[in-house]
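The values are calculated or read from the model by the stated rules, or taken from the named source; none is laboratory data. As the structure is a prediction and not an experimental result, all values here were calculated from the model. Glycine also receives a Cβ, built like all others from the backbone with ideal geometry; neighbour counts cover every protein chain displayed. Calculation scope for accessible area: heavy atoms of the full protein, side chains included, ligands and nucleic acids excluded. Shrake-Rupley method; radii C 1.70, N 1.55, O 1.52, S 1.80 Å.
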Amino acid sequence: MIALTVAQIAEIVGGVLTDISPEEAARRVVTGTVEFDSRAVTPGGLFLALPGARSDGHDFARGAVDAGAAAVLAARPVGVPAIVVPPASAADAGAGVLEHDVDGSGAAVLAALAKLATAVAAELVAGGLTIVGVTGSSGKTSTKDLIAAVLRPLGEVVAPPGSFNNELGHPWTVLRATTDTDYLVLEMSARHPGNIAALAAIAPPSIAVVLNVGTAHLGEFGSREIIAATKGELVEAVPDSGVAILNADDPMVAAMAQRTAARVVRVGRSESADIRAVDVELDDLARPRFLLVCAAGTADVQLAVHGEHQVGNALSAAAVALECGATPEQAAAALASAGPASRHRMEVHTRGDGVTVVNDAYNANPDSMKAGLQALAVMARRQNKRSWAVLGEMAELGDSSITEHDRVGRLAVRLDISRLVVVGTGRPMNAMHHGAVMEGSWGSESTMVDDADAALELLRAELAPGDVVLVKASNAAGLGALAEALVGDPA
């Protein structure tokens with residue numbers, strides 16, 4: 001974060017100084033990072049006292065100051081130098097993106113964090129910082145990582161780790177930027193209309209990327225049309241001097257060109273795209289290769305990430321790089337060296353016995369399930385290997401949950417996946433299992449187990465050298481540990 005005194009931060013967020021005199025607050029400078037985990041606090045940092053699902057950050061304030069925090073941003077006095085912010089409603093903090101609701105004190109601290117990030121972002125943009133915003137129903141994290149990779153040869157980049165894309169992770173990431181930062185890449189998620197507009201207001205992007213409109217969080221939104229309206233809030237936040245990068249292959253995204261005053265760049269395989277991928281091929285590990293075609297020229301691209309769905313993600317990243325001054329050849333070179341950067345997202349590991357484990361267990365929705373299963377099918381078919389799909393529940397699909405889980409089960413059979421292991425109980429998982437059974441013809445297409453432990457026991461008993469295993473589910477299903485156990489098993 002840029003250097004600010006405790007007094008300046010208090011003024012920005014509208015807080016009251018406690019356990020520190022005005023004179024000392026004017027002298028004491030926050031030079032470190034803002035942290036909501038007291039274990040991550042470094043000397044000169046600012047500790048964010050947030051109530052959590054299991055503990056309250058206010059209880060760790062003294063430990064954070066003992067570890068070197070210059071002050072605490074809190075909702076009540078904590079007995080150490082602090083900026084206490086006034087009460088706020090959850091709506092003030094843009095609540096609805098977090099996995100659990102925030103109470104009044106949490107909303108107050110989050111609202112203060114947003115104010116601080118807004119002020120810092122404005123100062124950095126005035127100094128030349130370029131902000132890139134990314135949203136979409138699926139692929140946000142992978143694309144964010146690819147964008148960061150193609151921009152690093154051009155300057156210093158700050159991007160969030162993993163999926164820090166809500167009203168906590170978003171301003172937290174903004175506050176990682178300093179006067180040395182050239183590019184700030186922000187991933188934006190939403191669970192309700194208005195969420196992306198609120199995030200974009202904190203750090204307005206000059207480059208916006210919209211990947212797709214799918215059915216993730218359909219239960220929250222109610223329809224794809226409402227999802228599209230919400231994703232489009234990002235392009236509406238871009239000034240007319242900026243650029244909106246839109247997926248020409250998704251009609252709902254392409255239509256967002258009418259919602260922005262910014263210049264529009266279309267990417268995709270469609271002939272209407274300004275930046276295109278032609279002659280797409282996949283290798284034995286489903287890594288795409290294609291010819292990048294744009295007004296600036298052409299370049300051969302060999303991706304290090306897995307799955308044909310990564311072509312669109314890579315095109316979006318290339319478009320950002322080109323807008324920031326890279327040549328097609330520079331963008332292609334950066335993409336070639338950009339492997340998976342966030343955990344549990346199409347991580348491919350091959351054990352000593354030849355078993356390949358694809359760990360894509362961080363998140364799942366119907367679109368990403370389809371992409372993962374297609375990648376698995378390619379890997380197995382190209383290598384003439386047996387394929388296993390170990391799948392858990394897709395969360396937050398609302399009334400469409402049963403139908404969508406049924407479709408995934410049927411798709412696994414249509415793609416000729418050797419074995420489907422359905423992990424979990426309840427109606428959605430029953431629908432996935434029965435969908436596969438009804439689509440199949442020999443009765444052994446699908447096996448249903450109660451939990452991850454049972455799935456691991458089954459796999460350890462029946463996996464053979466050379467098999468290819470995809471592990472995928474929404475994060476709440478906890479299948480990431482199962483995938484890691486498989487990777488760590490002795491050959």
- Note down the accessible area of SER21, probe 1.4 Å, to the nearest 10 Å². 50
- Which FRET efficiency value, to the nearest 0.05, do you get for ALA304 and GLU281 by plugging their Cβ-Cβ distance into 1/(1 + (r/R0)^6) with R0 = 22 Å? 0.90
- Task: Note down the accessible area of GLU329, probe 1.4 Å, to the nearest 10 Å².
- Result: 110
- Query: Taking a 31 Å limit on the Cα-Cα distance, which of the listed pairs LYS231/LYS385; LYS115/LYS144; LYS144/LYS472 fall beyond it?
  - Reply: LYS231/LYS385
- Expressed as a whole number of Å, what is the distance separating the alpha-carbon centroids of the stretch 142-209 and the stretch 357-397? 27
- Query: Based on the Cβ-Cβ distance of ARG263 and HIS349, what FRET efficiency does E = 1/(1 + (r/R0)^6) give at R0 = 41 Å, to the nearest 0.05?
  - Reply: 0.50
- By accessible area with a 1.4 Å probe, ligands and nucleic acids excluded, highest first: order of ARG381, ARG54, ARG351, ARG259: ARG54, ARG381, ARG259, ARG351
- Please report, as a whole percent, how much of the solvent-accessible surface of the chain comes from carbon and sulfur atoms (probe radius 1.4 Å). 49
- Query: Using a 1.4 Å probe, how large is the accessible area of ASP367, given in Å² and rounded to the nearest 10?
  - Reply: 70
- Dividing the mean separation of Cα pairs under 8 Å (6+ apart) by the residue count of the chain yields a relative contact order in percent of 10
- Item | the chain - share of DSSP beta bridges that are antiparallel (%, nearest 5) | 30
- Roughly speaking, what is the stretch gain from ARG54 to ALA201, that is 0.36 nm per residue apart minus the C-alpha to C-alpha distance, in nm to one decimal? 49.9 nm
- Among (1) 144; (2) 230; (3) 209, the entry matching volume of the Cα convex hull per residue in Å³ as calculated here is (1)
- Task: Using a 1.4 angstrom probe, figure out how much accessible area the stretch 1-93 has per residue, in square angstrom, rounded to the nearest whole.
- Result: 46
- Task: May I ask for the distance between the Cα centers of the stretch 400-427 and the stretch 295-319, given as a whole number of Å?
- Result: 30
- Message: So, for the stretch 128-337, what is the accessible surface per residue at a probe of 1.4 Å, expressed in square angstrom?
- Response: 33
- the stretch 5-51: D in µm²/s via Stokes-Einstein (Kirkwood Rh, Cα pairs, 25 °C, 0.890 mPa s)? 218
